[in-house]
1. When only C-alpha pairs under 8 Å and at least 6 residues apart count, what is the relative contact order of region 139-258, in percent?
2. Along the charge dipole of region 146-253, pointing to its positive end and built from +1/-1 on Cβ of Lys, Arg, Asp and Glu, which listed residue (Gly237, Phe174, Ala197) has its Cα farthest out?
3. What do you get for GluC sites (Glu not before Pro) in region 117-196 restricted to DSSP loop and a cutoff of at most 12 other Cβ within 10 Å of the site's Cβ?
4. According to a simple spin-label model (label point 7 Å from Cα along Cα-to-Cβ), what is the distance in nm between Leu296 and Asp310?
5. Using R₀ = 25 Å, calculate the FRET efficiency as 1/(1 + (r/R₀)^6) where r is the Cβ-Cβ separation of Ala86 and Ala189; round to 0.05.
6. Taking the Cβ-Cβ separation of Arg65 and Ala277 as r and a Förster radius of 45 Å, what is the calculated FRET efficiency to the nearest 0.05?
7. Spelling out what I want: for every residue of region 132-142, take phi, set θ = phi - 60°, compute 6.51 cos²θ - 1.76 cosθ + 1.60 (Karplus), and round to whole Hz; glycine and proline get x.
8. Putting +1 on Lys and Arg Cβ atoms and -1 on Asp and Glu Cβ atoms, find which of Ser79, Thr109, Ala227 reaches farthest to the positive end of the dipole of the chain.
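Read-outs: derived from the displayed coordinates by stated rules, not from any lab. The model shown is predicted, which means the values in this text are computed figures rather than measured ones. Cβ atoms come from the backbone with ideal geometry, glycine included; neighbour counts cover every protein chain shown.
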Amino acid sequence: MKWCAKAPGKVILVGEHFVVHGAYALVAAIDRGVTATAEPSDELVIESESLGLTARLPDAPEQLRPLAAVVERLRAGESGVRIRVASSLPPGSGLGSSAASAVATAAVTAAAWGRVLSREELVEVAMVAERMVHGRPSGIDVAIATYGGVLLFRPGEKPRPISLQGPVELVVGFSGVGRRTGEMIRRFAERAARNPARFRALVAAASNLSLRAAEQLRDGDLEGLGALFNFFHLALGWFGVSSDRLDAMVEAALDAGALGAKLTGAGGGGCVVALPAPGKGEAVRAALERWGPTFLVRLPVRGVEVWRED
Ligand code: MEV
């Protein structure tokens, strides 16, 4: 008997970084993510296929400590289990792989131990890992890996699902440069600390624009949403979290027919997300290909799912 769980990765549509400081952000689940399986075993083992690492609890190599903490948090004297985790997200791409791994691991371990966790409980358990990975995360990545779809998210509030009129196509392009979320969060906060009054005003503005972006997505106003993508890319650049490469990718996506394009997630490296004009998805995808793996995403995508294979 084997338990399986699949949790999606994510792209932040607008509001990354500002969300850490209390603003709303808009985030979407993507159809690439993390699968975890759990089978009965004499030992308590976590194997990460993507990292090529194994942990025999309570011992764990540093990179597996966050997932080990998730399993320990759920443990209440249960028998051993062998957990295998595999990701279909490019490593270091900033597409929510650590959060999806934590959510899939929590869901599959709980199921293997005969426990039913609510979505709120899953978020709480997975956040144990996310805090170890990123220091001061807003919780947006864990929320979207759990609930899926498109969420309007603000720390401390229940995430609000945004329903779409029909499928929405996005292009995601990896810059080929790994990002470091913790370092980028610090860089953004440093710039903010130098201009505190202007920063507070900008956080309020970003929050309003995220609310507007959610309305635009719900109403199918893709041109309006694209314009906000472009604006957010510039604002993030001012905070020092863009790069020449990300700027060049945004330029190429717009030139190939995107209504909007921006860095997504922490920045520094990682990915660009573009909103293609109708019929331009493939052209935008091709324009971004020279930097790294590039793919089309159709929203909405479901949140974490758990099932049993006999
Ligand atoms: C990372 O995916 C998004 C950031 O806003 C950090 C966070 O919200 O935890 C940069």
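1. Relative contact order, region 139-258: 25 percent.
2. Selected residue: Ala197.
3. Answer by residue number: Glu157.
4. With each label placed 7 Å out from Cα toward Cβ, I get 4.0 nm.
5. 0.15
6. 0.50
7. Ordered by residue, 3J(HN,Hα) equals 5, 7, 10, x, 10, x, 6, x, 5, 5, 5 Hz.
8. Working it through, the farthest residue towards the positive pole turns out to be Ala227.
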